[in-house]
1. Positive end of the dipole of the chain, charges at C-beta (+1 Lys, Arg; -1 Asp, Glu), about the Cα centre: which of 494, 92, 296 has its Cα farthest in that direction?
2. Where does each of 326-335, 373-382, 131-140, 562-571 land if you order them by average Cβ count within 10 Å, highest first?
3. How tilted is helix 197-212 with respect to the longest principal axis of the chain? Cα atoms for both, answer in degrees (0 to 90, nearest 10).
4. How many angstrom lie between the Cα centre of the range 49-112 and the Cα centre of the range 150-221?
5. Along the principal axes of its C-alpha atoms, what lengths does the range 135-262 span, in descending order and rounded to whole Å?
6. Among 162, 60, 148, pick out the residue whose Cα is farthest towards the positive end of the charge dipole of the chain, where Lys and Arg carry +1 and Asp and Glu carry -1 on C-beta, about the Cα centre.
7. Hey, what angle do you get for helix 253-264 against the long axis of the chain, alpha-carbon based, 0 to 90 degrees rounded to 10?
8. Between residue 421 and residue 69, take the C-beta separation as r, use R0 = 56 Å, and let me know the FRET efficiency to the nearest 0.05.
Amino acid sequence: MGRFFSRVISMVIFTCLVLDLFGCQTRQVPLSGVVTYRRLVVQEYRKKMMAGWIGQMNGVSYGSSTEFHYRGQIIPQAETPAYQQGMVNWAFGQDDLYVEMTFLRTLEVYGLDASSKQAGLDFANSEYPLWHANSAGRMNLRSGVAPPDSGHPAFNPHTDDIDYQIESDFAGLISPGLPNQAITLGETFGRLMNYGDGLYGGQFMSCLYSEAFFETNPEKLVEAGLACIPAKSQYAEAVSDVLNWWRQDPQDWQATWQKINAKYQENPAYRRFSCSDPYFDNQFNIDAKINGAYVVLGLLYGGGDPLKSMTIAMRSGQDSDCNPASAGGVIFTTLGLDSLPDQFTAGLDNHKKWDYTEYNFTRLIDVCEKLARQAVLKAGGKIETNAEGQEEFVIPQQKPLPGALEQSWEPGPIQNSTYTEAELDSLRGGGFQLARQVGKFAPGWRVTSCMDDFLLGMKEDASGRPRVLLLRGGDWMPCTLSTEVDLPAGVESVLRLEAGVVNGAPWTLLVRSGGQELLRQEISPATTHAGWLALEVDLAQFSGKRLRLEVSDQASGESTGYGFLSELSIQQRKK
């Protein structure tokens, strides 16, 4: 009996080798331990990858006039913009395209094994405007907080936002049939600014692209993306919900939209780390989960039709330019360049460069092919010539290996990852000078989410004090200084601060630890004496423990948010 099974196994292996020799695609793993391969002609890969970029370009341009104008509501049919031929060329100034090209450039220069630290330095050196998780992550990087801490909730209040989700397309487009490569690239680049569901959104999207080189069925694509992220995450729950609601009612996308809105917009349990934007009401939702759900809605109810898929994703509202870009990019990849209707490709400018990059369309495609070749070989695949004289990728099938479950509202420990002085010197302008000045003003404290320019930082003899620190928060977030300290048992510990007013403009001083608010104090002419207020925060409850403290400068009302500190120290005295 043993010899019989040995012969069967030998025959199976021989059959697989023969199929491989003649260029046949094998899609199932017939026996444990036997590696199967899928074949993709390199020229066909190139056409699908080109189509993926064209899909993004069309989708983001198509929805550009609607972005966040419709929050918590479906865009009415009468207000839905008409698709216009030539929209493909409107995308050269779009951030969700040129940001991911920063990541591609890192891979082009340093290879697929580029470190997250190097990726962070390159991102920190970018000069384009940013918002939300991207903005906070880049400010962290510039101030010396290296990845993965730059995207950790302790340093970034936007980690569940959509940012890496809309910038992860590149990871799938250079990883044909290689989901684990797409997941790994998310660990390298997605953690620059995101965590938890924010990271999973990007890994999910990039795995959709990865599988789109071999699969055209939207349902199967969504299932392939789900396999790339932790099943117990809220992001996976949102995608699974849409998939199940579609199966129950595959015709009425608006009925499914209502279910998405009820759970992921109106239920606070699914917005536990959602961005709080002072410029919008609570209907504003840039969380990766709900916007990812809208992409899936477009894919499933679009039924493989590119314009229908983009339109449904756009009409769902919220980030309604990025979502049709994601849906369009995936569906266009399944179709390939030769199958795209002319309206999406006519007049494409191959020579115009994307803003802030060195990439035009031609160079972008060449770089992606170069990286895809590296990815296939790195994964244990091969590049062969078939009987027709065409180059083929021979790609080993992979079982996706998602990372461990993380949640932004219950994050794991920080890694205390920092950039060295030498690494900061490699940044344009030497990095955030504010970070260095804070280290001198209050040793052991770090800067997160703070603006930095020549006006800010250490000032001598300012506002009646010999040495002060001038701070200002960035858009959508306060400037925060943080430290970790072991408080000895048996002694009284206090945080001592002296805060001042800048030009009479009020601001709010916040002190937190682990989400617990220890102090909230308005600093204004009415609350200070001669512009200054001395404060103490009793830390007795943390005696004998390791404590993380955050001191934030938050704008009040219409003020600029500038704030002075002349003292910031933890002091102990015996009981």
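Each reported figure results from applying straightforward, stated rules to the coordinates on display, with no laboratory input. Bear in mind that the values here come from a model prediction, so they are computed numbers and not experimental data. Cβ: placed from backbone, ideal geometry, glycine included. Neighbour counts: every protein chain shown.
1. 494
2. Working: 326-335: 29.9, 373-382: 17.6, 131-140: 25.9, 562-571: 19.5.
Sorting 326-335, 373-382, 131-140, 562-571 by mean packing, highest first, produces 326-335, 131-140, 562-571, 373-382.
3. Approximately 20 degrees, to the nearest 10.
4. 16
5. 50, 35, 21
6. After comparing all options, I get 148.
7. Rounded to the nearest ten degrees, it is 30.
8. Numbers: r = 45 Å, r/R0 = 0.81.
After rounding to 0.05, the efficiency reads 0.80.
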